Amino acid sequence: MAALMPYAAIPNSTFFILGVASILAITSNLANRFLVDVRAMKGMSAEVKAWQTEFNKARKSGDKQLLAKVTKKQAAIMRLQSKMMWDRMKVTLTFFIPFILVWNVLSRFYGELSERMFTAYSPFIARWLLEGPPLAGGGIMISYFTWYLICSFAISLPTSRLLGTYPEQE
């Protein structure tokens, strides 16, 4: 833990958490890219989406023949969705323990420093960020947990788009 001391205070803590979240998000997305057949996943996703569109159309129109035809495919679509979910879950399960270990180490470190360790500043006050004391310039301080989540989503979503690991994208 002593090795982390330079990263205990803002701004070092801000960039350190950003770096850790970035490394974990990029590693997870790269693993997803190489462990999951993204092309097949996109094909399955398109098939499920087409079926859902057809199912909703049949339900809204009240056409019993079309609804019966679409309903016959429902079991196959459910199997397809299960396969898609399992393929995604394999990557998640592979990285779950390392994520938990990193999270645990950092949570202990930032929790040991004070009861509520703030690792970043927000230049504005938002209701969902109401955590820390207001700052003189009009912002607030953000906790480790919230800052990690913000960084993780901010890195993971664009990275998944860039690497093409988001199968629902067209």
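With the structure loaded, tell me whether Ala9 is out of contact with any helix residue (DSSP H, G or I) (no Cβ under 6 Å at 6 or more places or on another chain) and either in contact (Cβ under 8 Å) with a residue 40 or more places away in the chain or under 30 Å from Gly111 (Cα atoms) (or both) or whether it fails that test. Criteria met by Ala9. Take Ile17 and tell me if it is outside any helix (DSSP H, G or I) and under 30 Å from Ala120 (Cα atoms). No. Here Ala126 passes the criteria (1) at pLDDT below 75; (2) closer than 25 Å to Met84 by Cβ; (3) surrounded by fewer than 18 Cβ atoms within 10 Å (Cβ to Cβ) except the one numbered (2).
Against the test of being hydroxyl-bearing (Ser, Thr, Tyr), modelled with pLDDT of 70 or more and at negative phi, the options Ser82, Ser114 yield a single qualifying residue, Ser82.
Being surrounded by 14 or more Cβ atoms within 10 Å (Cβ to Cβ), modelled with pLDDT under 90 and of a type in the set (Lys, Arg) holds for only one residue in Lys42, Lys57, Lys69, and it is Lys42.
Restricting attention to segment 41-48, does a residue exist that is touching a helix residue (DSSP H, G or I) at 6+ places or on another chain (Cβ under 9 Å) and under 19 Å from Leu157 (Cβ atoms)? Within segment 41-48 (the criterion being touching a helix residue (DSSP H, G or I) at 6+ places or on another chain (Cβ under 9 Å) and under 19 Å from Leu157 (Cβ atoms)), the answer is yes, since at least one residue qualifies. The number of residues in segment 39-59 being of a type in the set (A, V, I, L, M) and over 15 Å from Met85 (Cβ atoms) comes to 3.
The values are calculated or read from the model by the stated rules, or taken from the named source; none is laboratory data. Because the structure is predicted, anything quoted here is derived from the model rather than measured. Glycine also receives a Cβ, built like all others from the backbone with ideal geometry; neighbour counts cover every protein chain displayed.
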